[in-house]
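Here's the structure, in structure tokens; my notes come after.
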Amino acid sequence: MDNLTLKLRGMSCAACASSIEQAIKSVPGVIGCSVNFGMEQATIQYDSKETNLTIIQEAVDAAGYEALPLQEMAEDDAEKADRKSASQNLQRKLWIAGSISIILVLGGIPTMTGWHLPFIPAWLHNFWLQLVLTSPVQFWCGKSFYVGAWKSLKRRVATMDTLIALGTSAAYFYSVFVTFLPGLFTAQGLTPSVYYEVAASVIALILLGKNLENRAKGETSEAIRKLMGLQAKTARIIRKGEELEVPIAEVAIGDIVQVRPGEQIPVDGEVIEGASTVDEAMVTGESLPVKKQLGDEVIGATINKTGSFRFRATRVGKDTFLAQIVKMVQDAQASKAPIQKLADQVTGWFVPVVIAIALATFIIWFNAMGNFTLATVTMVEVLIIACPCALGLATPTAVMVGTGKGAENGILIKGADSLELAHKIQIIVLDKTGTLTEGKPTVTDFVTIKGTAQSNELKLLQLAASVERNSEHPVGEAVVRYAQSQEVKLTDIQDFEAVAGSGVRGVSGGKSIALGSFRWMQELGCDTEYLELRARAFEAASKTVVWMAVEGKIEAIMAIADALKPSSARAVKALQKLGLEVAMLTGDNRATAESIAQSVGITRIFAEVRPHQKAAQIQALQGEGKIVAMVGDGINDAPALAASDVGIAIGTGTDVAIAASDITLISGDLQGIVTAIQLSRATMRNIRENLFFAFIYNIAGIPIAAGILYPIFGWLLNPIIAGAAMAFSSLSVVTNALRLRNFKVKVIA
């Protein structure tokens, strides 16, 4: 299955998004499609053997819209120019429509209010002048609404363009009829009235709403623009002994890059010469500079602080860490939250129902009152005031801002569904090594069977480290570092095998060596009696014990300590104060697990759990009816991360764990979990507010526009007010969503 993200043009409301989604889904080979009206993007999953980009674009084109491949890290000049031109054209039409509308409203005051104001010249009341002024607004400024309505009609669907075209056309052509044939009204004792100001003002107000909406929607993408803006424009590279400054796009993998104090690191790489401190706050959220020296990794877009160094480029272009962050945020913003399904379902039948209500309104009032003008005005009001834009914008705008704020705080959220589900979490399960602890364990004690000669101790250490050198586990790295500190030379190992959740083994000089847990040693039939007391003492001191057997006989144990992260206890306390249950899941022995858990305030512990059992443990908690989040960093955590309702990966961990997760904490600070949950709750609260505003607006607005208050108070909603209300309904939703930009993490003591 392949994935594709398209930038869409020509959408005017959420009903358009629904039409495009249906058109794309009808293409053979398309497996799934999600169209985001707020982002104006389509995210598509398809089988490349059955379809391709061109076919999908043709389907969108046939539906009356335009689809272009999304630029991931930058907009090309043509796209920027097109966007700027479209914005300027919209503003030009707004100014023309707005200016003419003001003149028409002044001219229509006598009709609307019965007042004849002396400062308004009489010639402004002339129907023919109003016709001349209104026509360019109706057919030039409002051309896009007619074009959109015609495209919708050809597809046998209805959109916001349909409502606007019907509503303004009814007001305009009714007024034209009155202008040409006023005698038909005077003959019946009626005063001829025109509604040119209604048609022009509604178009002007809708254009104003579109203009403000576009600006507001642009602000919701601020996080993406900020991330893209972090990318360096040039790099200083060393080629053939000469220092050259080249555009960032020309840097290749393997190039040697020179970085001076205060400069931006252009791409990802590995330090090969020099040392410095680097400010990584813009991509990790960490405020303190990080020391970099020989062999350390540097991240593109971060800022070099004090020293000068050279590094070898390891990732460039779309493979850099920054590019991956941008892609992940873009994907998250283009995805749909489950709560949006409600809005999508409503939008699907909303416009046809509104048209039916408008026609029914006309028929009822005409039959009841015999007043064609009253019936027409109420019908126009219903068509004008009802717009599904607010419903279509309610969820995606909040998701766009929420995921952007997450990226600013070093939290990458893969999808809107993860953002929504995070606020429902009831229990958080934390892995121990690399999650609660630093993940950089050190060997504190190496104990052999009593009577072992020192030379044999070094030989055992050599064998142990040689086997562990092949392991990716932090414990294995600790053993290797300890051996190197003892100046022990490592040897080659044959038949290496990592037994998940148990340990490692291999063969050296014809002898089998196994290193692992106490339980595994018992499964292998090893006699552990001689060292059990020492092992328990180490475990009581929060140390992990690794047992070593040679040819099936226990020869030594190693005590390994892994310091707790400074933020662990504080984060656990904060999560508990948020009303969440916190548990620890580890493959380590129970004694060590209990000691660590006690240090951070965790009471529910799952110890000695093997990797394949971790997922089952998560499923067992889900069986209790709980929404479960799993937090981990290692390969052995990946199944549990995938099985949980919300998988949270520590960004300093393995790529496998990050790939299996829904949320990634770039810095590895557990306070990021607290931030992610607070952000999820704030975003969902914002979405509910938006949906409430959108629904209540239509629930209250449509009956008032239909004239429900007329029999009681003799009052009808002015179509101009209806147009203004419709124009500003979407703006109010987007503006409310933008309040999320002020989101700040609440410090929980």
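No lab work stands behind these numbers, since they all come straight from the coordinates. In this text the structure is predicted, and so the values were computed from the model without any measurement. No Cβ is skipped: glycine too gets one built from the backbone with ideal geometry, and neighbour counts run over all protein chains shown.
Centre-to-centre separation between the Cα atoms of the range 137-176 and those of the range 536-585: 68 Å.
Around the amide H of L585, modelled in the peptide plane, lie the amide H atoms of L430, D431, K432, F606, all under 5 Å away and 5 or more residues distant in sequence or on another chain. Other residues within the sphere of radius under 12 Å centred on the Cβ of I425, judged by their own Cβ, net out at -1 (K and R +1, D and E -1). Near E555, the amide H atoms lying under 5 Å from its own belong to M548, A549, V550; only residues 5 or more places off or on other chains count, and H is placed 1.01 Å from N. Peptide packing for 195-203, 701-709 was compared via the average number of neighbouring C-beta atoms within 10 Å per residue; ordered from the highest value, the list is 195-203, 701-709.
Sequence-ordered 3J(HN,Hα) estimates for the range 162-169 from the Karplus curve with 6.51, -1.76 and 1.60 and θ = phi - 60° stand at 4, 4, 5, 4, 5, x, 6, 5 Hz, glycine and proline given as x. Each peptide in 671-682, 417-428 receives the mean, over its residues, of other Cβ atoms within 10 Å, and ordering these scores from highest gives 671-682, 417-428. For the range 52-58, putting each phi into the Karplus relation 6.51 cos²θ - 1.76 cosθ + 1.60 with θ = phi - 60° gives couplings of 8, 4, 4, 5, 5, 4, 5 Hz, in residue order, rounded to whole numbers and with x for Gly and Pro. Of the peptides 687-695, 460-468, the order by per-residue mean of other Cβ atoms within 10 Å, starting with the highest, comes out as 460-468, 687-695. Were the residues from K154 through Q598 laid out at 0.36 nm apart, the gain over their Cα-Cα distance would be 153.0 nm. Across the range 21-36, coupling constants 3J(HN,Hα) worked out from phi with the 6.51/-1.76/1.60 Karplus curve, θ = phi - 60°, read 4, 5, 5, 5, 5, 7, 6, x, x, 7, 8, x, 8, 9, 9, 9 Hz, and Gly and Pro carry x. With the largest listed first and rounded to whole Å, the semi-axes of the equivalent ellipsoid of the range 428-559 from the Cα gyration tensor are 21, 17, 16. The calculated pair-distance distribution of the range 475-618 uses every alpha carbon pair, bins of 5 angstrom beginning at 0, and gives 2, 9, 15, 19, 19, 15, 10, 6, 4, 2, 0, 0 percent.
Put simply, the amide H of S667, placed in the peptide plane, has neighbours under 5 Å in G651, leaving out anything fewer than 5 places away on its chain. Cross-link pairs exceeding 26 Å between alpha carbons, from the set K424/K543; K7/K84; K318/K405; K84/K744; K424/K746; K489/K614: K424/K543; K84/K744; K489/K614.
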